[in-house]
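Before any comments, here is the structure.
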Amino acid sequence: MLGKACIERLKTDTNPNPRRTAPGSPHASPVARTRAWRQVKLGERPPYPWTEATKRCLTETRKRSKARDDSILGWFNEHLKDYDVQAITREVVQELRAPITFRLIKTNPAYGPTAN
């Protein structure tokens, strides 16, 4: 059986009329039905937007370096605001950081490769 969260997502993703968006309804969106099935049967988590994750992280954090975290997450937020957390991989982060690393190496030789 579909969980409450899946049913609610079906309702909001397809049609404002809850009778037509019941999971077994032939009128429910195929995308929403597929998403609900994958969440229930395969245990996939629902999409979680990057912006919500950063807000939650900053509200739950209690440490002295919170201002630094805020600035770092703010920079990432400019580039990742349209992503879901599940879509952000190591490769995506490395791609974002590449121009910054190149600029650091170019301006400060201490960051460059070391000769042995």
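When the residues of the range 45-67 are filtered to those that are in a helix (DSSP H, G or I) and among the hydroxyl-bearing types (Ser, Thr, Tyr), which remaining residue is farthest from the chain's Cα centre (by Cα)? Steps first, please.
Within the range 45-67, the subset in a helix (DSSP H, G or I) is 50-60, 66-67.
Now restrict to residues that are among the hydroxyl-bearing types (Ser, Thr, Tyr): 51, 54, 59.
Working: THR51: 8, THR54: 9, THR59: 17 Å.
Checking each candidate, the answer is THR59.
ASP82 falls short on exactly one of the conditions (1) loosely packed, with under 14 Cβ neighbours inside 10 Å; (2) in contact with a helix residue (DSSP H, G or I) (Cβ under 9 Å, 6 or more places away or on another chain); (3) assigned to a helix (DSSP H, G or I); (4) modelled with pLDDT under 90, and that condition is (3).
Filtered by the rule that a residue be surrounded by 11 or more Cβ atoms within 10 Å (Cβ to Cβ), basic (Lys, Arg) and at pLDDT 90 or above, the range 35-79 gives LYS55, ARG56.
The values are calculated or read from the model by the stated rules, or taken from the named source; none is laboratory data. In this text, all values refer to a predicted model and were calculated from it rather than measured experimentally. Glycine also receives a Cβ, built like all others from the backbone with ideal geometry; neighbour counts cover every protein chain displayed.
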